[in-house]
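Notes follow the structure.
The values are calculated or read from the model by the stated rules, or taken from the named source; none is laboratory data. Because the structure is a prediction, the values reported are computed rather than measured. Glycine also receives a Cβ, built like all others from the backbone with ideal geometry; neighbour counts cover every protein chain displayed.
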Amino acid sequence: MTREPVEHYFSPTPAGDFVTKEIDIQLAGRPLTVITAGSVFSPDHVDAGTEALLRIVPELADVAGNVLDLGCGWGPITLAMALDAPHATVWAVDVNERALELTRRNCERAGLTNVRTTIPDAVPDDVLFTTIWSNPPIRVGKAELHAMLERWVPRLAPGGEGYFVVAKHLGADSLYSWMLTTFAETHVVTKGDHYKGFRVIEVRANSIVKSPDV
């Protein structure tokens with residue numbers, strides 16, 4: 001018997017029918033009715049890790065420039081960032097085309113015009129971010145997760161801050177140790193606060209970039 005391949009929320013082009021449904025949520029102190037669908041991450045509610053992240057991260061009210069939701073899913077983090085930082089440009093990045101479409105529609109529903117939804121390769125190389133918030137896809141496996149972080153953490157502007165939420169039982173401490181070693185020369189990596197079994201790893205880009213020896 002041939003087993004059908006398992007489709008994950010990190011599949012670029014989900015094969016299942018695109019059937020949307022509405023759910024009621026609250027973000028940045030505002031009630032919202034959003035749409036979700038199958039083959040995206042946590043389609044029935046705001047994931048517990050995302051809730052933990054949004055409880056812990058600092059407010060973005062005075063932030064301008066570019067901020068990033070890495071792995072946006074149907075858009076809860078993007079919506080929170082855009083509501084909290086109306087003067088910033090929020091980049092909602094995901095490999096899942098369905099997730100990007102849902103995020104785009106949810107931002108339109110909320111009247112938000114400061115969001116750009118895009119696949120990773122479409123983000124211009126010269127765009128740096130003052131802030132990154134992410135509930136990263138731990139289940140893609142260590143190799144792909146590490147490659148993703150090695151790609152995006154260096155896109156923090158000097159002095160910029162990244163916040164990554166990881167469940168403790170899914171390897172928050174081991175990921176922290178890897179990030180601490182991997183970005184030791186360019187970033188300060190610390191264990192942030194924790195909430196209901198989730199840890200937030202905080203990353204700050206060095207304000208001064210060392211020039212190469214001449």
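In segment 158-171, how many are under 21 Å from CYS72 (Cβ atoms) and modelled with pLDDT of 95 or more? Steps first, answer last, please.
We begin by selecting, within segment 158-171, every residue under 21 Å from CYS72 (Cβ atoms); these are 160-167, 170.
Adding the requirement that they be modelled with pLDDT of 95 or more leaves 160-167.
Result for segment 158-171: 8.
Please find, among THR50, THR117, the residue that is touching a Cys at 6+ places or on another chain (Cβ under 9 Å), polar (S, T, N, Q) and within 18 Å of ALA37 (Cβ to Cβ).
On the way: THR50 fails: touching a Cys at 6+ places or on another chain (Cβ under 9 Å).
One residue alone meets the criteria, THR117.
Provide a single number: the residues in segment 18-52 that are part of a strand (DSSP E or B) and in contact with a Lys or Arg (Cβ under 9 Å, 6 or more places away or on another chain).
Start the filter on segment 18-52 by keeping residues that are part of a strand (DSSP E or B), which leaves 20-27, 30-37.
Applying the additional criterion that residues be in contact with a Lys or Arg (Cβ under 9 Å, 6 or more places away or on another chain) yields 20, 32-37.
Qualifying residue count for the region: 7.
To keep it simple, each residue is scored yes or no on (1) in a helix (DSSP H, G or I); (2) touching a residue at least 24 places away in the same chain (Cβ under 8 Å); (3) farther than 17 Å from GLY71 by Cα; (4) more than 17 Å from the chain's Cα centre (by Cα).
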site: HIS146; (1), (2), (3), (4): yes, yes, no, no
site: ARG151; (1), (2), (3), (4): yes, yes, no, no
site: GLY160; (1), (2), (3), (4): no, yes, yes, no
site: VAL166; (1), (2), (3), (4): no, yes, no, no
site: THR181; (1), (2), (3), (4): yes, no, yes, yes
site: LYS191; (1), (2), (3), (4): no, no, yes, yes
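Considering only residues that are closer than 20 Å to ASP24 by Cα and of a type in the set (A, V, I, L, M, F, W, C), which ones fall in segment 89-126? Walk me through how you get there before you give the answer.
The initial filter retains those residues of segment 89-126 that are closer than 20 Å to ASP24 by Cα, namely 98-112.
Answer for segment 89-126, where residues must be closer than 20 Å to ASP24 by Cα and of a type in the set (A, V, I, L, M, F, W, C): ALA99, LEU100, LEU102, CYS107, ALA110, LEU112.
Given the criterion assigned to a loop (DSSP other than H, G, I, E, B) and either surrounded by fewer than 23 Cβ atoms within 10 Å (Cβ to Cβ) or at pLDDT 95 or above (or both), identify the matching residue among LEU102, LEU112.
Values: LEU102 fails: assigned to a loop (DSSP other than H, G, I, E, B).
Step by step, each of LEU102, LEU112 is checked, and only LEU112 is assigned to a loop (DSSP other than H, G, I, E, B) and either surrounded by fewer than 23 Cβ atoms within 10 Å (Cβ to Cβ) or at pLDDT 95 or above (or both).
Can you go through THR181, THR113, THR103, THR130 and tell me which one is on the phi < 0 side of the Ramachandran plot, among the β-branched types (Val, Ile, Thr) and touching a helix residue (DSSP H, G or I) at 6+ places or on another chain (Cβ under 7 Å)?
Working: THR181 fails: touching a helix residue (DSSP H, G or I) at 6+ places or on another chain (Cβ under 7 Å); THR113 fails: touching a helix residue (DSSP H, G or I) at 6+ places or on another chain (Cβ under 7 Å); THR130 fails: touching a helix residue (DSSP H, G or I) at 6+ places or on another chain (Cβ under 7 Å).
The match here is THR103.
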